[in-house]
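Remarks on the structure that follows.
Values quoted throughout were computed directly from the atomic coordinates according to the rules given, and no laboratory measurement underlies them. Every value quoted in this text rests on a predicted model; they were computed, and no experiment measured them. Please note: Cβ atoms are built from the backbone with ideal geometry, for glycine as well, and neighbour counts cover all protein chains shown.
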Amino acid sequence: MKTVLTKSAVQAAEIIKAGGIAAFPTETVYGLGANIFDAAAVGKIFAAKGRPADNPLIAHIAEIDDISLVVKELTAFAEKLAEAFFPAPLTLVLPKNERVPLIATANLDTIGVRQPRHEIALDLIKACGFPLAAPSANLSGNPSPTDWQSVYADLQGKIEAILQGDVTEIGLESTVVDCTGEHPQVLRRGAITLEELRRVVPQTIYAPPDSAAEKRSPGLKYRHYAPQAKVVLIESEDEIENAENCAYIGLKKINAPFIETKICASVEEYAHELFRFFRRADDKAAEKIYCQKVSEKGLGAALTDRLQRAASANN
Ligand code: TXA
Ligand code: MG
């Protein structure tokens with residue numbers, strides 16, 4: 001299959017409407033979209049990514065009211081969160097309706113819904129006229145793609161099209177909040193922080209990694225966010241044994257002969273650059289990637305989460 005590269009949301013929508021799958025930019029990472037109501041098209045996503053069948057997809061909608069296209073009931077908490085934040089890097093897990101095929105939700109009776117805050121993504125969904133089931137547009141196990149070139153490197157020849165946009169704004173995947181229980185519960189940390197969620201729904205709680213609640217987000221158990229190189233988290237440069245054949249990313253400048261280095265001016269820039277840096281280091285066959293730890297304030301909480309997952313994925 002030849003993968004079409006296009007800047008036209010209308011052209012990508014035609015491909016998806018004909019039962020194809022196409023990658024598209026969002027404010028978090030690139031997604032790989034199919035008609036959520038077309039089980040065969042959704043199946044192609046799992047095949048192209050090599051994604052385990054028990055890892056559910058997120059429904060991407062263009063309008064807040066379109067939540068009802070995929071959801072059975074909007075809980076009171078979820079309605080508050082959607083109204084306060086959408087469009088946003090935020091996914092709300094709710095009871096699914098019967099129209100959504102079970103393959104999209106990996107047999108769960110719930111579905112994650114998100115209205116992205118990205119013009120091209122919204123244009124694409126509107127041009128399709130139905131919600132898009134979309135995971136991140138990487139091969140399963142690789143870091144999420146934050147530019148179309150990374151999508152191309154992973155999925156070229158396996159998907160019908162890539163809708164080309166810029167490098168994604170945030171660089172980390174959306175915050176996932178389970179709204180099916182007594183209180184909203186954060187299953188995956190992202191750019192919408194726990195503090196921000198609590199300002200709208202104070203009862204919101206956080207499911208720490210490896211808790212029973214986190215296990216309700218099946219994707220989190222898989223090797224994720226991880227490059228081929230071994231990721232080592234450091235607080236100070238004394239922890240660097242050897243810079244040779246190694247890469248370094250962080251806020252603090254370290255003078256050592258790394259084969260690839262990225263000094264970031266802020267936590268936001270660090271998050272924005274991390275997954276691309278992982279891919280660059282792998283392209284150079286780095287043995288180790290040293291990553292400076294950051295404080296868990298604001299976006300630092302989500303960044304710390306991804307750094308820790310990457311570091312524990314390949315020990
Ligand atoms: O920012 C994002 O969320 C990006 C863009 C493309 O929107 N998408 C993304 O999708 O990161 P994916 O499939 O790579 O990650 C989806 C996460 C997984 O951890 C999955 O287990 C969880 O959301 N998830 C999806 N549906 C769920 C459900 N019904 N219940 C619990 N967790 C769910
Ligand atoms: Mg993913």
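My understanding is that a pair violates if its Cα-Cα distance is over 27 Å; which of K7/K293; K7/K221; K49/K252; K44/K126; K49/K215 do that in this structure? Don't skip to the end; give the middle numbers.
Details: K7/K293 37 Å; K7/K221 34 Å; K49/K252 35 Å; K44/K126 21 Å; K49/K215 22 Å.
K7/K293; K7/K221; K49/K252, as the Cα separations exceed 27 Å there.
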GNM top mover of F85, F46, F130 - the chain, alpha-carbon springs below 10 Å: F85
Neighbour-count ranking for S8, S136 (other C-beta within 10 angstrom, fewest to most) reads S8, S136
What is the packing order of peptides 190-200, 271-281, taking the mean over residues of other C-beta atoms within 10 Å and listing the highest first? 271-281, 190-200
Please find, in a Gaussian network model of the chain (springs between Cα atoms separated by less than 10 Å), the residue of A76, A59, A133 whose mean-square fluctuation is greatest. A76
Looking at region 121-266 only, what percent of DSSP beta bridges run antiparallel? Nearest 5 please. 35
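Label region 16-163 by shape, choosing from rounded, prolate and oblate, from the square roots a ≥ b ≥ c of the eigenvalues of the Cα gyration tensor; if a/c is under 1.5 it is rounded, and otherwise prolate applies when a/b is larger than b/c, oblate when it is not. Numbers along the way, then the final one.
Working: a/c = 1.69, a/b = 1.37, b/c = 1.23.
Because a/c hits 1.5 or more and a/b exceeds b/c, region 16-163 counts as prolate.
How would K126, K297, K96 line up from fewest to most surrounding beta-carbon atoms within 10 angstrom? Walk me through the numbers before you get to the answer.
Working: K126 14, K297 11, K96 22.
Sorted ascending by nearby Cβ count, the order is K297, K126, K96.
Please arrange V267, V10 by how many other C-beta atoms lie within 10 Å of their C-beta, fewest to most. If you can, show how the numbers build up before the last one.
On the way: V267 20, V10 11.
Going from least to most buried by this count: V10, V267.
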May I ask you to work out the translational diffusion coefficient for the chain at 10 °C, viscosity 1.306 mPa s, via Stokes-Einstein with Rh from the Kirkwood sum over Cα pairs, reported in whole µm²/s? 81
Once the Cα atoms of region 144-296 are picked out, what are the Rg and Dmax in Å? 17.6, 52
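Within the chain, which DSSP H helices have Cα atoms that stretch 20 Å or more along the helix axis and a mean Kyte-Doolittle hydropathy of at least 0.0? Spell out each step's value before the answer.
Working: long enough: 267-283 (24 Å, -0.91); 299-313 (21 Å, 0.17).
Once both thresholds are applied, what remains is 299-313.
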Partner aspartates and glutamates whose C-alpha sits under 17 Å from that of K230, ignoring same-chain residues fewer than 8 away, are E239, E241, E244, E260, D282, D283, E287, D305
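Using just the Cα positions, wrap region 129-206 in a convex hull and report its mean projected area in square nanometres, one decimal place. The partial results should precede the final answer.
Values: hull surface 28.5 nm².
About 7.1 nm², averaged over all directions.
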Take every DSSP beta bridge with both residues inside the chain and express the antiparallel ones as a percent of the total, to the nearest 5. 40
If each DSSP helix of 4+ residues adds -39,500 (n - 2.57) and the sum is divided by the residues in the chain, what number results at 222 nm, nearest 500 deg cm²/dmol? -8500 deg cm²/dmol
